[in-house]
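Chemist: Sharing a structure with you now.
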Amino acid sequence: VKACRVHDLMHDFILKKCEEFNFCQVKKAIGNFLHLKYLSLRGSNIKTIPKSIGNLQNLETLDLKLTNVTDLPVEVYSLTKLCYLNVLTKEWNGVKLEKGVGNLTALQKLAILDASDEGGDIVGELKKLKQLSCLKIENVGEKDGISLCNAIESMTNLRSLHIGSKDNEILELESLSSPPPHLERLYLYGSCSHVQKVPDWVFRLKNLISLELDRFKLRQDQLCLIGHHLPELILLASRSFKGDELNIKKGWFGKLKSLLLTASSVKTITIDEGSLPSLQQFHLELNLDPKVVEVPDHVRELMVMDLYGEDN
């Protein structure tokens, strides 16, 4: 708790100085804090990070979330003690990294990496980051799928994984044969032009507590696999459930609290008595009213059905 207060104080101090002086003066001063371990410019209007940041060889946390920073100087890659790198623009875009990111072998969190580089094998370099517990990467092209899978297999400490596809390209994720054994949160975001199948390895993630699928089609047989094999799941969200029937059997989803499904073609919803005992939220988006809805009373009380029409 004390450490968090110190971090908050440092964050407030830096932002206050940014208000008192202009950012040019602040950037000139950053490289002088040689013993600094925590640097947060979150929410500020800073656009560039000075090369002098390479002087901060003791830096462990660099938080640039909700700033205007779109790229980082190569000097960042010399910060071998860096554990947390959090970069997100105010337009909710990630940052493009350059060759050398593999030097940051102490990294535990990397978010959000924009993988749409035109040259170099940035995705391949991620294989060196074996200490990562959180990886958020977007704009992954089809050509980078195998390299990303190889990198993820080396991240045995990974707890949270967010992967977003490049527009109009398929995410090639089937080659991931040994997924991280302790993964707890998984978010897969596919291309606007392709609805993909859920990779088979997802159904082996026994420690998963949150699964969000966007533009990855989820079928009834796969829902069965999730219900049987992911006992710790608390949140399940799928925006592309495919099939005429939605069936949930007794014994499935003992810990599930939130079930969010977009199921445009569902005509029958059947949920057994005794299933979903921990449910707190159940939201369905449908094209038409289902013909049959057979659900327990406690589920019916929570169920919210939005009809968005066949034209949407």
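The values are calculated or read from the model by the stated rules, or taken from the named source; none is laboratory data. Note that the coordinates shown come from a computational prediction; the quantities given were computed from them, not determined experimentally. Cβ coordinates were reconstructed from backbone atoms using ideal geometry, including for glycine residues, and neighbour counts include every protein chain displayed. Protein only, heavy atoms only, side chains kept; ligands, DNA and RNA dropped before computing areas. Shrake-Rupley method; radii C 1.70, N 1.55, O 1.52, S 1.80 Å.
Chemist: Which GluC sites (Glu not before Pro) in the range 139-224 sit in a loop by DSSP (not H, G, I, E or B) and have at most 15 other Cβ atoms within 10 Å of their own Cβ?
Modeler: Answer in residue order: GLU174.
Chemist: Looking at the square roots a ≥ b ≥ c of the eigenvalues of the Cα gyration tensor of the range 173-255, which shape do they give, rounded for a/c under 1.5, prolate if a/b is larger than b/c, or oblate?
Modeler: oblate
Chemist: What distance in nm separates the two pseudo spin-label positions at GLN57 and SER116, each 7 Å out from Cα along the beta-carbon direction?
Modeler: 3.8 nm
Chemist: Just to verify a number: FRET efficiency for SER193 and SER264, C-beta to C-beta distance, R0 = 22 Å, to 0.05?
Modeler: 0.80
Chemist: From the cross-link list LYS90/LYS242; LYS166/LYS257; LYS28/LYS99, which pairs have alpha carbons spaced over 27 Å apart? If you can, show how the numbers build up before the last one.
Modeler: Details: LYS90/LYS242 35 Å; LYS166/LYS257 31 Å; LYS28/LYS99 25 Å.
Checking Cα-Cα distances, LYS90/LYS242; LYS166/LYS257 exceed 27 Å.
Chemist: On the protein heavy atoms, probe 1.4 angstrom, tell me the percent of accessible surface of the chain carried by carbon and sulfur. Don't skip to the end; give the middle numbers.
Modeler: Working: 7610 of 15150 Å².
For the chain, the apolar C and S fraction of the accessible surface comes to 50 percent.
Chemist: Please compute the length gained on full extension between LYS250 and LYS128, using 0.36 nm multiplied by the number of residues separating them and subtracting their Cα-Cα distance.
Modeler: Separation in residues times 0.36 nm, less the Cα-Cα distance, equals 39.6 nm.
Chemist: Report the extension gain between MET305 and GLU91 in nm, rounded to one decimal, defined as 0.36 nm multiplied by the number of residues separating them, less their alpha carbon distance.
Modeler: This chain segment gains 73.9 nm when fully extended.
Chemist: Could I ask something else about it? Do any of LYS47/LYS127; LYS109/LYS217; LYS197/LYS249; LYS65/LYS197; LYS109/LYS197 go past 26 Å between their Cα atoms, and which?
Modeler: LYS47/LYS127; LYS109/LYS217; LYS65/LYS197; LYS109/LYS197, as the Cα separations exceed 26 Å there.
Chemist: Compute the whole-percent fraction of alpha carbon pairs in the chain spaced more than 23 Å apart.
Modeler: For the chain, the share of Cα pairs beyond 23 Å comes to 62 percent.
Chemist: Once you have the Kirkwood Rh of the range 119-248 from its Cα pairs, apply Stokes-Einstein at 4 °C and 1.567 mPa s and quote D in µm²/s. It would help to have the intermediate numbers written out before the result.
Modeler: Values: Rh = 14.9 Å.
In µm²/s, the coefficient rounds to 87.
Chemist: Go ahead and collect, in residue order, the members of the range 92-108 whose backbone nitrogen is under 16 Å from a label point 7 Å along the Cα-Cβ direction of ASP71.
Modeler: Only 94-101 fall inside the zone, counting backbone N under 16 Å.
Chemist: I want the local charge near GLU172. Using Cβ-Cβ distances under 11 Å, sum +1 for each Lys or Arg and -1 for each Asp or Glu among the other residues.
Modeler: Details: positive: LYS143; negative: GLU142, ASP144, GLU169, GLU174.
Charge balance in the 11 Å sphere: -3.
Chemist: Report the normalised scattering of the range 167-312 as log10 I(q)/I(0) at q = 0.18, 0.20 Å⁻¹, calculated by the Debye formula with identical scatterers on the alpha carbons.
Modeler: -1.08, -1.30
Chemist: May I pose another question? Can you list the GluC sites (Glu not before Pro) in the range 239-312 that are in a DSSP coil and have 13 or fewer other beta carbons within 10 angstrom?
Modeler: GLU273, GLU310
Chemist: Modelling each spin label as a point 7 Å along the Cα-to-Cβ direction, I'd like the ARG219/ASP289 distance in nm, to one decimal.
Modeler: For the pair ARG219/ASP289, the computed spacing is 3.1 nm.
Chemist: Show me the trypsin sites (Lys or Arg not before Pro) within the range 209-254 that DSSP assigns to loop and that have at most 15 other Cβ atoms within 10 Å of their Cβ.
Modeler: Values: sites: ARG215, LYS217, ARG219, ARG239, LYS242, LYS249, LYS250; in loops: ARG215, ARG239, LYS249, LYS250.
Answer in residue order: LYS249, LYS250.
Chemist: Next up: What Kirkwood hydrodynamic radius do you get for the range 226-312 when you take the inverse of the mean 1/r over all pairs of distinct Cα atoms, in Å?
Modeler: Here the Kirkwood hydrodynamic radius works out to 13.0 Å.
Chemist: For the range 82-100 and the range 123-189, write down the distance between their C-alpha centroids in whole Å.
Modeler: So the separation of the two Cα centres works out to 16 Å.
Chemist: If you line up the long axis of helix 2-20 against the longest principal axis of the chain, both from Cα atoms, how many degrees apart are they, to the nearest 10?
Modeler: Long axis of 2-20 versus the principal axis of the chain: about 60 degrees.
Chemist: Once fully extended, how much extra length lies between THR48 and LYS206, figured as 0.36 nm per residue of separation less the alpha-carbon to alpha-carbon distance?
Modeler: 52.7 nm
Chemist: Compute the Rg/Rh shape ratio of the range 56-112: radius of gyration over Kirkwood radius, all on alpha-carbon atoms. Write down the numbers at each step before the final one.
Modeler: Working: Rg = 10.6 Å, Rh = 11.3 Å.
So for the range 56-112, dividing Rg by the Kirkwood Rh gives 0.94.
Chemist: Per residue, how much accessible area does the range 82-237 have with a 1.4 Å probe, in Å²?
Modeler: Working: 6350 Å² over 156 residues.
Ligands and nucleic acids excluded, the figure is 41 Å² per residue.
Chemist: Next question, about the same structure. Using r as the Cβ-Cβ distance of ASP272 and THR156, and R0 as 35 Å, what FRET efficiency do you calculate, to the nearest 0.05?
Modeler: Here the calculated transfer efficiency is 0.40.
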